[in-house]
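Trainee: Please find one structure pasted underneath; my questions will follow.
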Amino acid sequence: MVRIYAVHLDQMLDQETFHQLSTYLSVERENRIRALQNNLAAHRTLIGGLLARYVLSKKLQVASSDLCFYQNEYGKPLLKSSRPLHFNLSYSGEWVVCSISSTSVGVAIEKMNPIDYAKAKRFFTPDEYAELLNKEEIERLAYYYRLWCLKESYLKATGKGLYHSMDAFSITPSIRSGQYEVENGKQTFYVKEYALDPAYKLAVCAKNKGFAEQIKQMQASFLVRNFMAASESHTTPFSAKLI
């Protein structure tokens, strides 16, 4: 089953709590957070690390501190585990999302900010770009971000991320209501879109086509409280309620 978790950044953490929580993360992620000048981006990166550790530790029934990670040759974080368990993170605006699956998985969320459509030509195939320009102006922005998330989630699921050119494949012919299939010549990936927030687009891609029907949503304050409690007891069950 492909499961998706989403955290809404309902508030910024005070400096002491922020520092305390960062000590639960890897040195690499701590360094990434310190290098970020934007406060919201730093909070997203922190919450993303906490969310991944929280859901993975609950799934495996181990302490967060016992989780070990490494990166593939393209820089995608992977979990060292005797059980097949993959995860992926994405951030945008006030949302952080994490997807986990027994097979390779990728997730992409994007806030639909205004863009220069001329730049889209670099990311889409000629057919996709033509379809984008043919859309009514009121529909064009949503369609751009829909395509972007579908394609990005697929690239992240393959493990190559943006090292693989976005315009090297087309997803438009596969689009139909609900769930999509992407053939890359060797294996089939499945992509599903979710409605999380009207101002955002979200897509998840995996080799496994058993997608959860709903996203487990929580506020950042809820995650912080439960993560710290779980880290202290190692037994606190995952009980995020839908918002």
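The values are calculated or read from the model by the stated rules, or taken from the named source; none is laboratory data. Predicted model only: the values in this text are computed from it and were never measured. Ideal geometry is used to build each Cβ from the backbone, glycine not excepted, and the neighbour counts take in all protein chains shown. In case anyone asks, the SASA skips ligands and DNA or RNA and just uses the protein heavy atoms, side chains included. Shrake-Rupley method; radii C 1.70, N 1.55, O 1.52, S 1.80 Å.
Trainee: Sort out which residues of the stretch 90-135 are touching an Asp or Glu at 6+ places or on another chain (Cβ under 6 Å), part of a strand (DSSP E or B) and among the hydroxyl-bearing types (Ser, Thr, Tyr), and write them in order of number.
Mentor: Across the stretch 90-135, the qualifying residue is only Ser92.
Trainee: How many residues, within the stretch 106-127, are in contact (Cβ under 8 Å) with a residue 40 or more places away in the chain and over 9 Å from the mean Cα position of the chain (by Cα)? Before the answer, list the steps.
Mentor: Taking the stretch 106-127 as the starting set, the residues that turn out to be in contact (Cβ under 8 Å) with a residue 40 or more places away in the chain are 106-112, 122-125, 127.
Among the residues that remain, those that are also over 9 Å from the mean Cα position of the chain (by Cα) are: 110-112, 122-125, 127.
Result for the stretch 106-127: 8.
Trainee: Identify, please: which residue in the stretch 15-40 is hydroxyl-bearing (Ser, Thr, Tyr) and not in a helix (DSSP H, G or I) and is, among those, nearest to Ala229 (Cα to Cα)?
Mentor: The extreme case among them is Tyr24.
Trainee: Scan Lys111, Lys160, Lys135 and give me the residue that is open to solvent by 50 Å² or more (accessible area, probe 1.4 Å), under 17 Å from Ser92 (Cβ atoms) and of a type outside the set (Gly, Ala, Ser).
Mentor: Lys111
Trainee: Right, here's the next one. Of the residues that make up the stretch 176-190, is at least one assigned to a loop (DSSP other than H, G, I, E, B), at pLDDT below 75 and β-branched (Val, Ile, Thr)?
Mentor: Checking the stretch 176-190: not a single residue is assigned to a loop (DSSP other than H, G, I, E, B), at pLDDT below 75 and β-branched (Val, Ile, Thr).
Trainee: Taking the stretch 207-241 as the search range and keeping residues that are modelled with pLDDT of 90 or more and of a type in the set (A, V, I, L, M), which one is surrounded by the fewest Cβ atoms within 10 Å (Cβ to Cβ)?
Mentor: Ranking the candidates gives Ala212 first.
Trainee: (1) surrounded by fewer than 22 Cβ atoms within 10 Å (Cβ to Cβ); (2) over 12 Å from the mean Cα position of the chain (by Cα); (3) touching a residue at least 24 places away in the same chain (Cβ under 8 Å): which one isn't true of Tyr54, the others all being true?
Mentor: Against the list (1) surrounded by fewer than 22 Cβ atoms within 10 Å (Cβ to Cβ); (2) over 12 Å from the mean Cα position of the chain (by Cα); (3) touching a residue at least 24 places away in the same chain (Cβ under 8 Å), Tyr54 comes up short only on (1).
Trainee: Within the stretch 50-81, take every residue that is of a type in the set (Gly, Ala, Ser) and not in a loop (DSSP other than H, G, I, E, B) and give me the one that is nearest to Val107 (Cα to Cα).
Mentor: Top of the filtered list is Ala52.
Trainee: Taking the stretch 8-43 on its own, how many of its residues are open to solvent by 40 Å² or more (accessible area, probe 1.4 Å), hydrophobic (A, V, I, L, M, F, W, C) and farther than 18 Å from Tyr54 by Cα?
Mentor: 4
Trainee: Here's something else I'd like to know. Could you say whether any residue in the stretch 81-101 is open to solvent by less than 10 Å² (accessible area, probe 1.4 Å), more than 12 Å from the chain's Cα centre (by Cα) and not polar (S, T, N, Q)?
Mentor: No, the stretch 81-101 has no match at all.
Trainee: Take the conditions within 23 Å of Arg34 (Cβ to Cβ), polar (S, T, N, Q) and open to solvent by 40 Å² or more (accessible area, probe 1.4 Å) and apply them to Gln71. Does it pass?
Mentor: yes
Trainee: May I pose another question? Anything in the stretch 133-168 that is over 22 Å from Cys98 (Cβ atoms) and touching a Lys or Arg at 6+ places or on another chain (Cβ under 6 Å)? List them, or say none.
Mentor: Of everything in the stretch 133-168, those that are over 22 Å from Cys98 (Cβ atoms) and touching a Lys or Arg at 6+ places or on another chain (Cβ under 6 Å) turn out to be Tyr143, Met166.
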